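The values are calculated or read from the model by the stated rules, or taken from the named source; none is laboratory data. Note that this is a predicted model, so its numbers are computed, not measured. Ideal geometry is used to build each Cβ from the backbone, glycine not excepted, and the neighbour counts take in all protein chains shown. These area figures cover heavy atoms from the full protein model, side chains too; ligands, DNA and RNA do not enter into them. Shrake-Rupley method; radii C 1.70, N 1.55, O 1.52, S 1.80 Å.
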Amino acid sequence: MVVLAIIVIVVCLKNACLLTLMVGFLVGMMLGNLRLTAHISSQDAISKLYRREVILVGNLIEEPEDKNGSTVVKLHNVRVDDPRGAPEAAQTEKSNNLGIVENFHKMVEKSVDKSVENLVTGGEFQSLKGTVYVTIKGQNRLERSDLIAVVAELNEGFGTFVAKMSRAQLLAIERAESGDIFARFKRWYGERVREFLPAPEVDLGLGYLMGMKSGLSEDFSENLRAVGMTHVVVASGAHLAMLIGVAKKLFGRISKFAGLLFSLMMIVGFVFIVGFTPSMTRAALVSSLSLLVGYVGRKFTPLRLILFVAAITLVIEPTNFLNLGWQLSFASFFGILILAPRLQKLFYGGKKPPWLASMLLTSFSTLIICAPVMIYNFGTLSLLSFVANLIILPTLPYAMLGMMLVGILSFLPFVATLIALLTTWLLDLHIWVVDFLSSKETFILDFPTNDTKIYLVYVLISAILLLPAIFRRSAQRVIDKDDKSYRFGNND
């Protein structure tokens with residue numbers, strides 16, 4: 001079915017018309033349904049384990065975060081102990097479930113190969129789809145991609161998380177001999193930079209450069225959210241655009257192919273360092289596809305690029321559709337590539353707008369498209385994001401460059417200290433702007449959360465975008481009809 005569906009979609013796209021595109025869309029929906037089946041059945045299985053103490057085994061997909069004396073991790077490739085057992089017997093007494101931990105430790109003691117993987121293979125574990133949010137008691141030296149076993153009561157998840165665990169006990173850790181070398185490089189680089197910059201400036205700078213948000217305080221993270229600037233500490237398209245620009249300047253002079261090759265290598269390396277987050281995956285796909293298509297002298301139309309990348313990311317992980325980062329990423333993408341050019345054409349025609357006007361229109365477009373998502377999830381909308389964007393976004397590349405140079409030149413303490421001093425001043429300005437604007441509560445509008453009616457705004461935006469095209473087509477048909485009548489002598 002999958003192979004047949006892919007063939008049908010390829011044929012439909014190659015012979016594009018309204019009918020074939022509708023057929024391709026329906027077949028694509030069938031593929032999506034097949035892709036979601038495993039997730040739905042997995043959620044049904046895991047829901048039977050809620051409010052029961054179980055052993056959970058999984059891999060860390062992101063760097064762990066230290067919060068309030070605990071370690072927060074996100075686990076995928078999840079396996080749960082004996083979910084096939086009768087739930088009624090398992091839920092009789094919570095104390096009976098403590099035997100699970102004792103049995104696990106006995107397995108560890110008796111096993112010749114004490115790897116978690118072998119213990120899971122020999123035990124009664126079942127694989128489940130999805131990601132689990134786990135809070136582990138105490139601060140633990142964990143790394144991205146570690147395989148760990150934890151025990152705690154399993155509860156219903158939130159957002160895209162199929163389940164969550166609070167105050168879990170860490171039972172075992174398994175780490176590859178080399179570990180995740182990219183995660184280790186990321187941590188090593190952060191430690192080098194921290195020798196020259198103070199907190200909280202260094203935490204904000206590392207968030208800019210590599211998306212390391214764990215060091216940011218809860219208060220400052222809340223201020224970023226209030227001002228509408230959370231996207232600046234999420235590694236995404238802006239970071240890759242800078243890397244691609246550097247690669248083209250350095251290697252594009254050699255040949256066009258060299259510029260393409262080194263740009264793709266930088267994209268791959270940066271993605272492995274940051275991790276496969278929804279925003280990073282989207283940015284990498286967009287950048288790579290644009291580079292490859294541009295290399296052969298073609299280019300994507302913005303809407304097709306958005307739809308194509310959205311489809312790929314949903315095939316990779318269907319639950320991305322419910323991920324807030326994925327939603328905001330594509331919303332800002334739509335605002336920058338589709339709404340902003342329409343507004344520029346409306347106000348300036350075919351002329352290039354001034355830098356300040358272009359920045360304002362882009363910020364306004366991004367705010368309008370992202371506003372329903374922000375209001376639905378957080379219930380607030382900051383009108384001061386324009387000001388924050390005008391101050392922070394133009395100076396953001398210089399802050400990122402300073403952070404990068406401090407790490408690279410850390411073996412030259414005098415030079416690194418001088419660059420760190422300038423970078424600290426710039427980051428201090430950003431922190432002051434965010435704190436100052438977040439304190440102006442008059443310009444922060446409050447709305448009820450989880451109100452689906454807010455998404456009706458997209459209907460109005462779609463109508464505004466589509467009406468000019470409809471009017472142009474109608475006018476063109478009238479012109480063509482008049483021209484045909486004139487050529488065939490039917491005119492007065």
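Only protein heavy atoms count here; under a 1.4 Å probe, Lys256 has an accessible surface of about 130 Å². Residue order by solvent-accessible surface for Tyr133, Tyr348 is Tyr348, Tyr133, largest first, with ligands and nucleic acids left out and a 1.4 Å probe. Checked against a 19 Å cut-off, the cross-linked pairs Lys186/Lys248; Lys345/Lys453; Lys48/Lys129 give Cα-Cα distances beyond that limit for Lys186/Lys248; Lys345/Lys453.
Where in the range 15-76 are there trypsin sites (Lys or Arg not before Pro) that are in a DSSP coil and have at most 11 other Cβ atoms within 10 angstrom of their Cβ? Working shown, then result.
Numbers: sites: Arg35, Lys48, Arg51, Arg52, Lys67, Lys74; in loops: Lys48, Arg51.
For trypsin sites (Lys or Arg not before Pro) across the range 15-76 that sit outside H, G, I, E and B with at most 11 neighbouring Cβ atoms in 10 Å, the list reads Arg51.
Keeping all protein chains in place and using 1.4 angstrom, which order do Lys213, Lys14 fall into by accessible surface area, from largest down?
On the way: Lys213 95, Lys14 165 Å².
These residues rank, largest area first, as Lys14, Lys213.
Each Cα pair under 8 Å and six or more residues apart adds its separation to the average, and for the range 309-367 the resulting relative contact order is 37 percent.
Ignoring ligands, DNA and RNA, what accessible area per residue does the range 272-341 give at 1.4 Å, in Å²? Kindly include the intermediate steps, with their values, before the conclusion.
Working: 3360 Å² over 70 residues.
For the range 272-341, the per-residue accessible area is 48 Å².
Estimated from the Cβ-Cβ distance and a Förster radius of 45 angstrom, the FRET efficiency linking Leu18 and Thr417 is about 0.10.
Couplings 3J(HN,Hα) for the range 50-56, derived from phi with the Karplus relation 6.51 cos²θ - 1.76 cosθ + 1.60 (θ = phi - 60°), are 4, 6, 10, 7, 9, 9, 10 Hz, where x marks Gly and Pro. Using protein chains only and a probe of 1.4 angstrom, how many square angstrom of Trp425 are accessible, to the nearest 10? Per-residue accessible area (Trp425): approximately 150 Å². Largest accessible area first, the residues Asp66, Asp428, Asp446 order themselves as Asp446, Asp66, Asp428 under a 1.4 Å probe with ligands, DNA and RNA left out.
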